[in-house]
Amino acid sequence: MASRLCGSVGRPFALAFVVLLGMALSFGAKAHAGDAPRATEPEAPQAESPQAPPHYAAPAPRATEPDVARFVDDGPAPQASEPDLPPPAPRATEPPPVYDVLVKANPEGVRDLRLLQEHVRELSTRIVPCTVGIAVGAAQGSGVLISADGYVLTAGHVSGAANRSCMLILHDGRVVRGKTLGANNGIDSGMIKITDPNPDGGPWPHAEMGNSERLERGQWCLATGHPGGYQRGRAPVVRLGRILTPRDTEITTDCTLVGGDSGGPLWDMEGRVIGINSRIGGSLTQNIHVPVDTYRETWTRLAKAEIWGGNQFGGGGGPFVGIVGEERADSCRVTIVVPDSPAAKAGIKVGDVIKSFGGDGVKNFGQLVEMIGRRKVGDKVAIEIARGEESIKLELEIGRRPG
């Protein structure tokens, strides 16, 4: 009886226990299933693995923060100020969109043309106020303010003789007085100093001198000046073009120039002076400019009102050799030898390539012209030429330019 009772009671109890155990296991499974997101949190760093999407690479800048904190801890606050740190903005900021246009062979579409136009307009607001008109006697030309105390770069044939009174017309039409200084007539560089104070008070607006040595063929540029001479009510005119041939002693561009532009500045596309308008070549769109580096190299002589380099751009009496060279940037090949000239008497012939002049290497004909301009009439100069495969050494006596 007791065993049957226990047996009959035990089976229901066992069955109930199994049911309760099953319910508990089921509840536990559900509980674990609901906790699954929390259980996977420790594995979150796996999102920064190489297989993660690109946007997960963003935490990299946070990794550099300890370096900044360490720098700040190195000393007192003034040493840890932001100006002493590499400025992040320039590194993060992309160049203006116009720079994509400037490096192309040609603008591509309306967007490029609009970007270029807008950039030229912005530059014009900065470069036009530095461009001046010049009147020396009856002659007119242009120039550019290059220092806060009123020094003006121009062409040598515009400034002319030293210590002459002249008038300078500012971009807004106001007139101030000045004095001509030095000139290198061998390459047509000149300088003028404004003698009146700035009517606005304070320093003169002036441009930054660039670096003409780094110019490249095809580079965009701007020319400003007063074509045809100063005209009342007309600000200096801006023309856009490109570098055709960059040389040590002359730059050629296709910026359209006419009389009156002589002495005006040639600019790079960042608003720095890279040359001075000198003369027109074979056409209005083939013009010659004096490289700005030559002004920097001879600044003291120009400022002291020295005149040198003969009369390459007018008149007679200066040093003379009597040859014409090929317009190439990489050699000085003779194309014309004037009969009975010093070059002819020395034995130079058409087709010869002049390699050195007075012991100095000659890169091109423009450089040779400058070298000749530094000599005096009667100087004897050793010259080395290449004639075919033969190297020949000659001696030439500098003559006097006729006319």
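What is the spin-label model distance, in nm, from R234 to R272 if the labels are put 7 Å beyond Cα along the C-beta direction?
3.2
What dipole magnitude, in Debye to the nearest 20, does segment 131-308 give about its Cα centre under +1 on Lys/Arg Cβ and -1 on Asp/Glu Cβ?
440
By its C-alpha gyration tensor, with a ≥ b ≥ c as the square roots of the eigenvalues, how is segment 203-306 shaped: rounded for a/c under 1.5, else prolate for a/b larger than b/c, else oblate?
Rounded shape, in that the Cα axes give a/c under 1.5.
Given +1 on the Cβ of Lys and Arg, -1 on the Cβ of Asp and Glu, and no further charges, what dipole in debye does segment 316-400 carry about its Cα centre, rounded to the nearest 20?
220
What is the spin-label model distance, in nm, from R126 to V103 if the labels are put 7 Å beyond Cα along the C-beta direction?
It is 2.0 nm.
Summing Lys, Arg as +1 and Asp, Glu as -1, what charge do residues with Cβ under 14 Å from the Cβ of P199 carry, P199 excluded?
Spelling it out: positives minus negatives among the neighbours equals -1.
Tell me, what is a quarter of the convex hull surface for the C-alpha atoms of segment 163-249, in nm² with one decimal?
If I average the Cα hull's projected area over directions, I get 7.4 nm².
For the modelled label position 7 Å from the Cα of D149 along Cα-to-Cβ, which residues of segment 290-304 have backbone nitrogen atoms closer than 18 Å?
So the set is 296-304.
Translational diffusion coefficient, Stokes-Einstein: compute it for segment 329-403 using the Kirkwood radius over C-alpha pairs as Rh, at 20 °C and 1.002 mPa s, and state it as an integer in µm² s⁻¹.
It diffuses with D of about 171 µm²/s by this estimate.
So what is the relative contact order for segment 316-400, in percent, with contacts set as C-alpha pairs under 8 Å and at least six apart?
Computed value for segment 316-400: 33 percent relative contact order.
What are the ³J(HN,Hα) values, in whole Hz, obtained from phi via the Karplus relation 6.51 cos²θ - 1.76 cosθ + 1.60 with θ = phi - 60°, for each residue of segment 199-211 in sequence order, with x given for Gly and Pro?
My calculation for segment 199-211 gives x, 8, x, x, x, 6, x, 8, 9, 8, 7, x, 10 Hz in order.
Could you rank the peptides 171-184, 123-136, 192-205 by their average count of other C-beta atoms within 10 Å per residue, with the highest value first?
The packing order, highest mean first, is 123-136, 171-184, 192-205.
Out of residues 5 or more away from D196 or on other chains, whose amide H comes under 5 Å of its own, with H placed 1.01 Å from N in the peptide plane?
R177
Relative contact order of segment 131-308, please, whole-number percent, based on alpha carbon pairs below 8 angstrom and at least 6 residues apart.
Relative CO of segment 131-308 lands at 25 percent.
Spin-label point model (7 Å from Cα, Cβ direction): what's the V350 to S331 distance in nm?
Modelled inter-label distance: 1.7 nm.
Which whole-number percent is the relative contact order of segment 219-271 (Cα, under 8 Å, 6+ apart)?
Relative CO of segment 219-271 lands at 47 percent.
Residues with amide H under 5 Å of R247's amide H, sequence separation 5 or more or different chain, H placed in the peptide plane at 1.01 Å from N; which?
Those lying under 5 Å, H to H, from R247 are T252.
A short reminder: the numbers here are calculations on the coordinates, not readings from a lab. Not measured: the values here are computed from a predicted model. So basically every Cβ, Gly included, is an ideal-geometry build from the backbone, and we count neighbours across all protein chains shown.
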